[in-house]
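The values are calculated or read from the model by the stated rules, or taken from the named source; none is laboratory data. Predicted model only: the values in this text are computed from it and were never measured. FYI the Cβ positions are ideal-geometry reconstructions off the backbone, even for glycines, and counts take in every protein chain you see.
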């Protein structure tokens, strides 16, 4: 067995069936080994998209996603996408080519110090060789899954792929488990003394599937729950304890709830999405997590590091008889938000467009949302039905996430409808990835909210009393025809046209673009200011 064959064999045995990327000359032996092992190499149009696809693959399967690029410019592009996997907490293995070992420290074409390049955007940057492949692979898998999960980079020097790999063993890996060494006594005292506690639930709780624990807990303890954007879907948004989503559209309505609390319970709350200091009142904080992390330096802060089972074992020390229910207040705030959103249904803006999608899409639809004003709206307004999923980036918040995320989701869930909601800015960044959908005939539906501008930036300029500058994307219409890169384009400029386009798109078994020419004025009122 060669080293390339060994790597492919271990990836396949670990459950990996796809590698995303763009090959270089030194990649050829690895592509051959992947194919022989039963792993499909998905050629992307850009390396950043390959990293996003690996990120989303990991989220959907629980198995590390894998991406690959050549050295130099390919590696630099890949690094941009890996930042998303790092700050959105997705386990990814990223392979890159490097010059042969004797030239790595020399001046040569396309050669840069990859350790320096990847160190800030990965958990580790490693170099495989003929004598350490087993150690490197095993270590990379373990590290990328260790809390918090994230990407690990492995460089593959040219010339080692065909070296003999005899004597290497199967790697063993699994998700790390945490055991707590914290003294929960002070936490229990705070829980027992609280009369108006609030749960702020985040990405870590969502990743660990803590929703069932939380739902059972809320049957006994009727307290408010606010979630961060990437924890959306942790519990049903119809649950009487669910108040809303931090940071996104109309989130200023939630201040009435969290300014009345006397204790904040951070449940798997990851500050990579929204720092505590951005909203927390001057009350004690109890932070439950799977690992130690930085927390506010002021005020009373207690932490517990352990598993969700351990979190809820301690949380049951709340005194349910002493807790004042905020049920009526939560219902009132949710009704106020709904009334505001409904007030924008009288014209074809983003609220109307998203409403149509929620009404028309099947209940098991997987929706990816790109970065932009439309994400702030979806983060609060979108209702996740049935077995559906909502995928976004918030820790990294890189524009261009939506299209490659949708492609990866459709590859892994071929029986589900997959829909991407993107703005025209994010669409232009990743339009080339539509060739992947076309080549593989993936029936993804790309909804482009076309408003011709970088709306979030324009809103900020307006609020500062400045004229729009550097935000206009193009004059006229985004699409000049009914075909773009060989993919059908449907046009919608009204509620009726949007409904018809969505229904027609759902009948097709091919990728399709819906150009939704929306009025962006809704965002002026729906996006919370700085």
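Observations on the model:
- Of all the numbered requirements in (1) within 22 Å of the chain's Cα centre (by Cα); (2) crowded, with 17+ Cβ neighbours inside 10 Å; (3) in contact (Cβ under 8 Å) with a residue 60 or more places away in the chain, residue 520 misses one, and that requirement is (1).
- Residue count, the stretch 482-495 (criterion: out of contact with any strand residue (DSSP E or B) (no Cβ under 7 Å at 6 or more places or on another chain) and assigned to a loop (DSSP other than H, G, I, E, B)): 3
- Selection status of residue 390, under 16 Å from residue 246 (Cβ atoms), in a helix (DSSP H, G or I), touching a strand residue (DSSP E or B) at 6+ places or on another chain (Cβ under 7 Å) and assigned by TED's automatic domain parsing to the domain that holds residue 521: no
- Any strands (runs of 3 or more DSSP E) falling wholly within the stretch 14-87 and containing at least 3 residues that are surrounded by 23 or more Cβ atoms within 10 Å (Cβ to Cβ) and within 23 Å of the chain's Cα centre (by Cα): 18-21, 65-69
- Residue in the stretch 400-431 that is surrounded by the most Cβ atoms within 10 Å (Cβ to Cβ), counting only those that are in contact with a strand residue (DSSP E or B) (Cβ under 8 Å, 6 or more places away or on another chain) and assigned to a loop (DSSP other than H, G, I, E, B): 401
- Selected residue [more than 20 Å from the chain's Cα centre (by Cα) and assigned by TED's automatic domain parsing to the domain that holds residue 202] from 273, 297: 297
- Count of residues meeting criterion [touching a strand residue (DSSP E or B) at 6+ places or on another chain (Cβ under 7 Å) and within 20 Å of residue 189 (Cβ to Cβ)] in the stretch 263-291: 13
- Members of the stretch 434-463 found to be modelled with pLDDT of 95 or more and surrounded by fewer than 22 Cβ atoms within 10 Å (Cβ to Cβ), listed by number: 435, 438, 439, 440, 441, 442, 443
- From the list 339, 331, the one residue that fits, being over 30 Å from residue 436 (Cβ atoms), without any contact (Cβ under 8 Å) to a residue 24 or more places away in the chain and assigned to a helix (DSSP H, G or I), is 339.
- Residue in the stretch 421-429 that is out of contact with any helix residue (DSSP H, G or I) (no Cβ under 8 Å at 6 or more places or on another chain) and over 18 Å from residue 370 (Cα atoms) present: no
- Residue that is modelled with the lowest pLDDT, among those in the stretch 88-114 that are surrounded by 15 or more Cβ atoms within 10 Å (Cβ to Cβ) and in a helix (DSSP H, G or I): 103
- Residues located in the stretch 370-389, provided they are over 16 Å from residue 273 (Cα atoms) and under 12 Å from the mean Cα position of the chain (by Cα): 389
- Selection status of residue 457, in a strand (DSSP E or B) and either out of contact with any helix residue (DSSP H, G or I) (no Cβ under 8 Å at 6 or more places or on another chain) or assigned by TED's automatic domain parsing to the domain that holds residue 378 (or both): no
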